[in-house]
Amino acid sequence: MTEPHSKADGQGGPVPEQDSAKEAGVRVRLGQVRFVLVTTTHPGNIGASARAMKAMGIRQLVLVTPRHFPDPEAVALASGADDVLDSAHVVSTLAEALLGTTMAYALSARRRELSHRALGLREAAAEAIGLCEAAPVEAISGGPSGPIAFVFGTEMSGLSNDELIACQALVHIPVDPRFSSLNLSQAVQLVAYELRLEAGGVQLPSTEPQVLARHEEVERLCEHLEETLLASGFLDPNAPRRLMERFRRLFVRARLEHEEVNILRGVLTSMRKWAEGNPKVRAPARPHG
Ligand code: SAH
């Protein structure tokens, strides 16, 4: 893993949290999910996975015999998801990592000749979130929590057959079959993302609320425009061709804001002044000839 890393790289900075009832529901659902990384070789992958999880609202990380952990490389790649690393459970067997689970999904890049149910990622995420809706299972005190587990294998060889057998379903992330193996933390990211979508976390970051123009403001704009078009000769009072009606339709479609109406009226006033030869507004130079 050689991902360039700098302080400016996101850092999971103090983005104001969207706290709505909907987000609270998403949190409850995703709170039932644990991610299990088995024998991860590169600590950077653990950090990057923690970051990927936290950004999607999944926080319960279980590490089965990680090669190096804790490790500064994990902290560096976590980019602010240190809390996920700090609360990670380190265990010595997959069986321990799965204590208290009711369903464990094994992520595998390769097709395996096992009798397990094989699911695509989206299908698995839908099923898992459906299970999360069911009554939460009590966590075993002190142990990892979250009755639904997603289990990821080691970088070089993936999950062994024994590890797969400990899980209840096999999940494949659809990829180009000629290059099917993702980096571990990228696989974690995709799974976390699909779970978040499935859990209903599709809210866009909010922007400043815009003040829409009131009916009478748009009416005044239309009158102002009509006067200006009559004065300029564009609008022929004897053959109006439903021009103003079309402008009204256009303004309705645009859902004009208060501020935009002011701008448009300012433009009309300035053009009118210019046309009337107001000395404050200089006419553009005319080409000779
Ligand atoms: N070389 C290994 C892949 C290791 S990648 C192999 O061929 O199995 C580390 C882990 O990321 C895998 O064990 C798996 O859990 C996950 N992963 C990577 N690509 C994946 C894919 N296309 N579908 C599902 N899981 C994947």
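Take the Cα of GLU133, step 7 Å toward its Cβ, do the same at LEU268, and the gap between the two points is 5.2 nm. Among ARG34, ARG67, the order of accessible area from largest down is ARG67, ARG34, computed with a 1.4 Å probe on protein heavy atoms.
Just to make sure I understand: if all protein chains stay in place, what is the order of GLU260, GLU23, GLU208 by accessible area at 1.4 Å, largest first? Walk me through the numbers on the way to the answer.
Working: GLU260 70, GLU23 25, GLU208 140 Å².
Putting GLU260, GLU23, GLU208 in descending order of accessible area: GLU208, GLU260, GLU23.
When the alpha carbon gyration tensor of the chain is reduced to an equivalent ellipsoid, its three semi-axes come out at 60, 22, 19 angstrom, largest first. In the context of the full protein assembly, TYR193 retains an accessible surface of approximately 100 Å², using a probe radius of 1.4 Å and ignoring ligands and nucleic acids. Values of log10 I(q)/I(0) for the range 12-109 across q = 0.11, 0.14, 0.24 Å⁻¹ run -0.34, -0.55, -1.30, by the Debye formula with one identical scatterer at each alpha carbon and no solvent. The modelled label-to-label distance for the pair GLN186/ALA126, using points 7 Å beyond Cα in the direction of Cβ, is 2.6 nm.
Stretching ASP176 away from PHE247 to a fully extended chain increases their span by 20.5 nm, per 0.36 nm per residue minus the current alpha-carbon distance.
Only protein heavy atoms count here; on that basis, with a 1.4 Å probe, HIS68 has an accessible area of about 90 Å². Placing a pseudo-label 7 Å from each Cα along the Cα-to-Cβ vector at ASP162 and VAL28 gives an inter-label distance of 4.0 nm.
Semi-axes of the equivalent ellipsoid of the range 86-175 are 22, 17, 11 Å, computed as sqrt(5λ) over the eigenvalues of the C-alpha gyration tensor in descending order. Karplus-derived 3J(HN,Hα) values for the range 221-234, using 6.51 cos²θ - 1.76 cosθ + 1.60 with θ = phi - 60°, are 4, 4, 5, 4, 5, 4, 4, 5, 5, 5, 5, 7, x, 5 Hz; glycine and proline are entered as x. Counting only heavy atoms of the protein chains and using a 1.4 Å probe, LYS273 has close to 90 Å² of accessible surface.
For the chain, what does -39500 (n - 2.57) per DSSP helix run (n ≥ 4), summed and divided by total residues, give at 222 nm, in deg cm²/dmol to the nearest 500? If you can, show how the numbers build up before the last one.
Working: 11 runs with 121 residues, N = 289.
So the calculated ellipticity at 222 nm is -12500 deg cm²/dmol.
Per the Debye calculation on the range 215-277 with a single equal scatterer at every Cα and no solvent contribution, log₁₀ I(q)/I(0) for q = 0.13, 0.20, 0.23, 0.26 Å⁻¹ amounts to -0.35, -0.81, -1.01, -1.17.
The values are calculated or read from the model by the stated rules, or taken from the named source; none is laboratory data. Not measured: the values here are computed from a predicted model. Heads up, the Cβs are rebuilt from the backbone with ideal geometry, glycines too, and the neighbour counts pull from every protein chain shown. Heavy atoms of the whole protein, side chains included, go into the accessibility calculation; ligands, DNA and RNA do not. Shrake-Rupley method; radii C 1.70, N 1.55, O 1.52, S 1.80 Å.
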